[in-house]
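Have a look at the structure below, then the notes.
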Amino acid sequence: MGATEDAEVVRRGYAAFSAGDMATLTELFADDAVWHSPGSGSLSGTKQGRDAILSFFGELMTRSEGSLVVTLDDVVGGDNHSVGLNRVHATRGTNTLDQHGVIVFTVRDGRVTEAREFFEDTTRNDEFWG
């Protein structure tokens, strides 16, 4: 697959996440995919395997009481990586998180094999998620 096809996988992933479409997310992540979330908060660190990644997504929704919205601004496809530029908005009680983020995806054979998140303010992200 090329840069255009890999970027489309990323677009489909963002759309599936936004729709809560777990079936599509399951299809788009390799069984042994790895997700890296920066920082030192309780949700930071590496998630090994598709099931751990999907569980992490579920925990984000639980902690935000379903308010988490990730808006895809753009996707840049490349030969080895595709980059999703996004905006994250969520509320938790009276606390609001609203910041830009970037996720660098590695896509092989139409499936995400690795993802690395980067946040505008990692400390703020850690504080928000607890």
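Bear in mind these aren't lab numbers, they're just calculated from the coordinates by the rules spelled out. Remember, it's a predicted structure, so these values are computed and weren't measured experimentally. Reconstructed Cβ throughout: ideal geometry from the backbone, glycine too, with neighbour counts over all protein chains shown.
Mean sequence separation of contacting Cα pairs (under 8 Å, at least six apart), scaled by the length of the stretch 3-129, corresponds to a relative contact order of 28 percent. The helix-based estimate of mean residue ellipticity at 222 nm for the chain, built from -39,500 (n - 2.57) per DSSP H run of four or more residues and divided by its residue count, is -11000 deg cm²/dmol to the nearest 500. Just name one of His89, Thr62, Gly78: the one whose Cα is farthest towards the positive end of the charge dipole of the chain (beta-carbon charges, Lys/Arg +1, Asp/Glu -1). Ranked along the dipole, the leading option is Thr62. Placing pseudo-labels 7 Å out from each Cα toward the beta carbon at Glu120 and Asn80 gives an inter-label distance of 2.9 nm. Looking only at the stretch 58-89, which residues have a backbone nitrogen under 18 Å from a spot 7 Å from the Cα of Thr4 in the C-beta direction? Correct set: 75-83.
Taking the Cα centre of the chain as reference, the dipole from Cβ charges on Lys and Arg (+1) and Asp and Glu (-1) amounts to some 220 debye.
Within the stretch 3-129, DSSP assigns beta bridges of which about 90% are antiparallel (rounded to the nearest 5). Label-to-label distance for Thr94 and Asp109 is 5.3 nm, based on points extended 7 Å past Cα in the beta-carbon direction.
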